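The block underneath contains the structure these notes are about, expressed in structure tokens.
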Amino acid sequence: MAAKPISRPSAARAKARVARTGRKDAASRPAPGKGAAAWSGRFAEPVSERVKRYTASVGFDKRLAAHDIRGSIAHARMLRAAGIVSASDLRAIERGFALIVREIGSGRFIWSQDAEDVHMNIEQRLTALVGDAGKRLHTARSRNDQIATDVRLWLRDEIDTIAGLLIGLQAALIEAAERHAAIIMPGFTHLQVAQPVTFGHHLLAYFEMFERDRARLAGCRTRVNVLPLGAAALAGTTFPIDRERVARELGFASVARNSLDAVSDRDFAIEFCAFGALFMVHLSRLCEELILWMNPRLDFISLPDRFCTGSSIMPQKRNPDVPELARGKCARVVGHLMGLLTLMKSQPLAYNKDNQEDKEPLFDTVDTLKDTLAVFAELVPCITPNPDAMRRAASEGHATATDLADYLVKKGLPFRDAHEAVARAVRFAEGEGRDLSALTTAELRRYSGRIGRDVHRTLTLEGSVAARNHIGGTAPVQVRAAIRRARKVLRGR
Ligand code: ARG
């Protein structure tokens, strides 16, 4: 028999091993059962304590226990239906799992690093409780398709929770926009006063960003909702399994079409983190604005004390910690996305242990999103605008200059000429230390003879916002129309 170039014939290998360790196989191996890993039959010595600690994932993947058990029960029922295990085995397995669920729920379940991960901890306990039936559970399955199934099941539930929280935040934005539909503030470009906008319109900009995020999350869910189980280690299994049945029982919309892909790709987790990163980036923009608006120089809004904190040294301080922290947490979610992309990069097919590293970033992304969404759904209704300060700021930066140019265009002046005339009027107003809107008709007429007394309506803040009366414009009537549309969208497209 010709040995493959990379592996020595097994007799020679065993001899070399005895020479290396000075021990014969069976004698040096821990007795099967207690303390021995499920795969220990092939090994000459137990794994070192340090390696055990290094490779164990139970410390974090025990979080998947409930979904692991759900997947296992569906698998066991399929094994029974396919005649692969007996009815009494299935009864024993279901009875064992009922006990384990109770043990985990009450905190009595003992998680052991010796059993490496959530799957083997639960399987070992099952076997301890029900004997051989527990040992039959892993027929036609591998931890590779098992973990891929667990993560998808778990993430699908978390996505549904997060989608609900996101709707809550969007609803809070709609309510706030309705309350503040007609409040006027300066709209900025380059952080310089540009044109007046309504606060309701400004808030609804975030509704739109979050609505696109929600659509991205829904798209991600359809790709999460695919069953990997049945792929086994990588190539499928020799048993007559019924994957469609397992998919139905677990609520998966379809079955993964390629076993190698099913056990190895984590693109669904990457995609979820991409959703999360983009959502946090959007939220960080709102956070940045809240922080700016709370600066006493602007004083556009206030937040109740319960969202702020003081300083241990400066008695006068009242800091917008919640928006600052959320802005900071955006960094960790973006970091998790980068981590998962890098984890997947260049991985050869099929499963590699690298993928164990997908859990903690994914878990932390989910936790960060849920916490952040809940806090902001509570915070947004508490944003109290200061209409006087907003108005003052809007009436100080010649914010209606574009309105005057548009006025001149409507009187027949080409836009470029109108722009030039208004620019000169602004320069004059600046020199006078007055706002453009405060100039008299006579003063304004120096820059264009087409200006009449009706100009003052266009130069007011109310006139300016009301004139932008089309879909997507800032006019209060449009804000109210947008609110009606947004409510419909939230009720279910
Ligand atoms: N703890 C592993 C993970 O998270 C489970 C799959 C282990 N498979 C294996 N062949 N070692 O990916």
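None of the figures in this text is laboratory data; all of them are computed from the coordinates on show. Bear in mind that the values here come from a model prediction, so they are computed numbers and not experimental data. Here the Cβ positions follow ideal geometry from the backbone for every residue, glycine too, while neighbour counts run over all protein chains shown.
Tell me the Kirkwood radius of the stretch 342-441: reciprocal of the mean inverse pair distance over distinct alpha-carbon atoms, in Å. Here the Kirkwood hydrodynamic radius works out to 19.4 Å. Would you calculate the separation in nanometres between label points at residue 411 and residue 375, each defined as 7 Å from the Cα along the Cα-to-beta-carbon direction? The two pseudo-label positions are separated by 5.3 nm. About its Cα centre, the chain has a charge dipole of approximately 1480 debye under the convention of +1 per Lys or Arg Cβ and -1 per Asp or Glu Cβ, with nothing else charged. From least to most packed, judged by other beta carbons within 10 angstrom and beginning with the fewest, 344, 280, 338 follow the order 338, 344, 280.
Averaging 1/r across all pairs of distinct Cα atoms in the chain and inverting the result yields a Kirkwood radius of 27.7 Å. For residue 309, the residues 5 or more places off, or on other chains, whose built amide H falls under 5 Å of its own are 319, 321.
Label positions at residue 309 and residue 360, each projected 7 Å from the Cα along the C-beta direction, are separated by 2.4 nm. The stretch 163-297 gives an Rg/Rh value of 1.22, both radii derived from C-alpha positions and Rh following Kirkwood.
So for the chain, taking the charge dipole from beta-carbon charges (+1 Lys/Arg, -1 Asp/Glu), which of 159, 483, 209 sits furthest toward the positive end? Projecting each Cα onto the dipole axis, the largest value belongs to 159.
Under 5 Å from the amide H of residue 194 lie the amide H atoms of 187, 188, 189, each residue being 5 or more positions distant or on a separate chain, with H modelled from the backbone and absent for Pro and chain starts. Taking amide H atoms as placed 1.01 Å from N in the peptide plane, the amide H of residue 255 lies under 5 Å from those of 227, each 5 or more residues away in sequence or on another chain. Taking Cα centre as origin and charging only the Cβ of basic (Lys, Arg, +1) and acidic (Asp, Glu, -1) residues, the dipole magnitude of the stretch 268-313 rounds to 60 debye. To the nearest 0.05, how large is the calculated FRET efficiency for residue 428 and residue 338 if R₀ is 60 Å and r is the Cβ-Cβ distance? Rounded to the nearest 0.05, the efficiency is 0.70. The residue among 147, 287, 431 whose Cα reaches farthest toward the positive pole of the charge dipole of the chain, with charges on the beta-carbon of Lys, Arg, Asp and Glu, is 147. Computed over the stretch 128-202, the Cα gyration tensor eigenvalues convert (square root of 5λ each) into semi-axes of 56, 15, 7 Å, ordered from largest to smallest.
Expressed to the nearest 5 percent, the antiparallel share of DSSP beta bridges inside the chain is 80 percent.
Evaluated with a Cβ-only charge set (Lys, Arg +1; Asp, Glu -1), the stretch 354-487 carries a dipole of roughly 1380 debye about its Cα centre, given to the nearest 20. Considering only alpha-carbon pairs that sit under 8 angstrom and 6 or more positions apart, the relative contact order computed for the chain is 15 percent.
When only alpha carbons are used to place a centre, the stretch 156-217 and the stretch 359-385 end up 15 Å from one another. Once the chain from residue 38 to residue 157 is taken as fully extended at 0.36 nm per residue, the excess over their C-alpha distance is 39.8 nm.
Taking the charge dipole of the stretch 338-408 about its Cα centre, with +1 at Lys and Arg Cβ atoms and -1 at Asp and Glu Cβ atoms, the residue from 350, 362, 374 reaching farthest to the positive side is 350. Helices of the chain meeting both criteria, an alpha-carbon length of 20 angstrom or more along the long axis and an average Kyte-Doolittle score not below 1.0, with helices taken as full DSSP H segments, are 267-294.
For the stretch 181-316, the relative contact order comes to 18 percent (Cα pairs under 8 Å, sequence separation of at least 6).
Over the chain, DSSP H runs of length four or greater, each weighted -39,500 (n - 2.57), average out per residue to a 222 nm ellipticity of -19500 deg cm²/dmol.
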